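The values are calculated or read from the model by the stated rules, or taken from the named source; none is laboratory data. Note that the structure is predicted; figures quoted are calculated from it, not measured. Here the Cβ positions follow ideal geometry from the backbone for every residue, glycine too, while neighbour counts run over all protein chains shown.
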Amino acid sequence: MQQRRSTFSVLFYIKRKKLLKNGDAPVYMRVTVDGRFLEASLKRGVNPKSWNEKKQRSTGRDRLSLELNDYIADTLAKLLKIHQRFTDEKKIINPKTILEEWARKAEKPKMLCEVFKEENLKYRQRLAIGDLVLNTVLRNERAERYLGEFIRKKFNTPDMPFSAIDNAFVRDFHLFLRVDKKQEQNTANKYCKILKRIVTLALDNKWMDVNPFQGIRFQAKATTRQFLTEKELSTIMNKTFTLERLNVVRDIFVFCALTGLSFSDVEGLKPEHVSVDGEGNYWIHKARQKTKNICSIPYLESARAIAEKYKEHPLCEKRGVLLPVISNQRMNSYLGEIAGICGIDKPLTMHIARHSFACLALANGVSMEIIARMLGHSDIRTTKIYAKVIDKSIAEQMSALASKFGSQK
């Protein structure tokens with residue numbers, strides 16, 4: 001006797017009276033076999049105004065609506081396939097057995113912000129073992145926060161599956177950074193580069209199929225690296241401030257201008273990084289926090305004198321370091337005060353100290369290769385940027401000179 005084929009249907013609908021916190025209606029499905037049915041949530045939401053009950057789909061054209069419709073179609077296909085297999089294998093067919101099999105095989109899609117947060121937690125762990133510097137970790141966490149703000153504003157949802165991320169999403173995020181967060185072009189590019197790293201992880205793990213960065217090339221804006229002239233540096237060095245905190249910050253800035261160390265490197269500078277060669281010359285040998293490349297820097301007497309001043313400073317004794325470095329943000333804030341007092345019309349920051357070291361060394365005949373070694377650059381092309389800065393400065397000064405004397409006959 002031939003086995004009677006069971007009747008089977010699936011209905012997708014929304015619950016308008018049980019709205020989610022963001023105002024969306026939860027999407028459900030009802031699986032019916034031989035008149036008996038069970039309901040299950042798709043764990044998705046949709047704007048009630050966009051739901052078409054007849055078509056059992058969203059009428060919205062935004063990415064989330066399209067992703068929902070694709071998910072509904074995929075779910076229906078899987079349920080039909082399960083029913084057909086159960087029929088072929090003569091298994092017990094009822095709503096419960098079908099939904100249990102669907103739930104067993106269904107995988108929760110990987111979500112962008114969720115994975116981003118997990119990766120940043122790993123970055124925090126790497127920071128604890130000295131594998132990363134704090135600024136890198138903070139930049140990644142800022143990118144995560146901005147991305148979350150963008151998704152909530154643009155899509156009215158706290159997170160999005162990787163499958164919903166496309167080319168327009170990336171471009172819109174870049175625009176959000178420029179307009180809403182008022183980020184400079186190059187800074188916005190950096191945040192998008194961080195997002196690209198998360199997307200690459202998703203592509204490698206097959207969480208998404210299409211690379212949303214395909215064909216996107218964000219143009220970098222040319223910037224001029226500021227540096228201090230010898231006269232400006234001397235003005236700062238010889239100035240005595242009434243506030244002790246400004247004297248301390250000035251000393252640390254000058255130390256960096258005399259050694260080329262970055263903020264993160266001077267912050268972690270310890271006595272063991274200092275050595276004396278056979279001829280009595282002092283050196284700083286230290287792996288850069290950013291690249292792990294070894295810096296080999298002559299430790300000038302003027303720089304040593306600064307460190308000697310803080311030998312018994314409580315902060316230095318507590319941390320076992322040479323200088324009482326405070327946070328980069330506070331340092332830069334105080335440097336702004338110092339620039340104003342000294343009459344220097346430049347945005348004085350800790351990074352300008354490193355630029356000044358490189359430019360002044362070039363101007364005084366130190367070779368590019370030696371400067372690259374002192375700065376710990378992996379590629380001399382990075383060091384050549386400072387040569388362009390020097391050339392531009394010379395050209396500007398000669399242009400000013402020409403305007404004064406060029407018109408004489």
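Okay, here's what the table says:
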read-out	value
Test: residue in segment 183-204 that is modelled with pLDDT under 90, aromatic (Phe, Trp, Tyr) and in contact with a helix residue (DSSP H, G or I) (Cβ under 6 Å, 6 or more places away or on another chain)	no
Options GLY23, GLY45: the member that is small (Gly, Ala, Ser), touching a residue at least 24 places away in the same chain (Cβ under 8 Å) and part of a strand (DSSP E or B)	GLY45
Residue that is among the β-branched types (Val, Ile, Thr) and exposed (fewer than 13 other Cβ atoms within 10 Å of the Cβ), where the choices are VAL325, VAL276, VAL321	VAL276
Test: residue in segment 55-74 that is surrounded by 18 or more Cβ atoms within 10 Å (Cβ to Cβ), in a helix (DSSP H, G or I) and of a type in the set (Gly, Ala, Ser)	yes
Condition met for TYR334 (surrounded by 19 or more Cβ atoms within 10 Å (Cβ to Cβ) and more than 18 Å from VAL133 (Cα to Cα))	yes
Candidate set: segment 115-136, residues that are crowded, with 18+ Cβ neighbours inside 10 Å and among the aliphatic types (A, V, I, L, M); chosen: the one nearest to LEU64 (Cα to Cα)	VAL115
